Amino acid sequence: MPESIRCEEVVEHLLAFLDGEVEVGRRESIEQHLEECRSCCSRADFEVALRQKVREVALKRPSMKLRRKIRQLIDQF
Ligand SMILES: [Zn+2]
């Protein structure tokens, strides 16, 4: 039975948890907490969605149109 942890601890380790970088005991505590705590659960969902978005953007190279737009912005200064 994993010991219960507080929201602060979940938030603190959330990113490592999502990366699979927390030890098993803590992982189980966080998983259990996420099942019971609505606010941490939605926070975790948000982080996951955010990461997917960032990954998508990182994979996609900026289009020519976007690059031209950036160029224009730079030229204005
Ligand atoms: Zn919580």
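Every read-out reported here was derived from the displayed coordinates using simple, explicitly stated rules and does not represent laboratory data. Computed from a predicted structure; not experimentally measured. Here the Cβ positions follow ideal geometry from the backbone for every residue, glycine too, while neighbour counts run over all protein chains shown.
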For this session: Could you calculate the contour length gain from Ile74 to Val57, that is, 0.36 nm times the residue separation minus the distance between their Cα atoms, to one decimal place in nm?
Result: 4.0 nm
Exercise. Farthest toward the dipole's positive end in segment 7-75, which of Leu59, Cys7, Gly25, given Cβ charges of +1 (Lys, Arg) and -1 (Asp, Glu) about the Cα centre?
Worked result: Leu59
Problem set entry | GluC sites (Glu not before Pro) lying in DSSP loop within the chain, provided at most 12 other Cβ fall within 10 Å | Glu3, Glu21, Glu23
Problem set entry | Nearest-ten-degree value, helix 38-59 long axis tilted from longest Cα axis of the chain | 30 degrees
For this session: Would you mind working out the magnitude of the charge dipole of segment 7-75 relative to its Cα centre, with +1 at each Lys and Arg C-beta and -1 at each Asp and Glu C-beta, to the nearest 20 Debye?
Result: 1200 debye
Seminar exercise, completed: Computed over all unlike Cα pairs, the Kirkwood hydrodynamic radius of the chain in Å stands at 14.9 Å
For this session: Starting from segment 5-77, pick out the trypsin sites (Lys or Arg not before Pro) whose DSSP state is loop and whose Cβ has at most 12 other Cβ atoms within 10 Å.
Result: Arg6, Lys60
Exercise. On full extension of the chain, what length is gained from Glu31 through Glu8, given 0.36 nm per residue of separation minus the C-alpha to C-alpha distance?
Worked result: 6.9 nm
Exercise. With each run of n ≥ 4 DSSP H residues scored as -39500 (n - 2.57), what mean residue ellipticity at 222 nm is computed for the chain after dividing by its residue count and rounding to the nearest 500 deg cm²/dmol?
Worked result: -25000 deg cm²/dmol
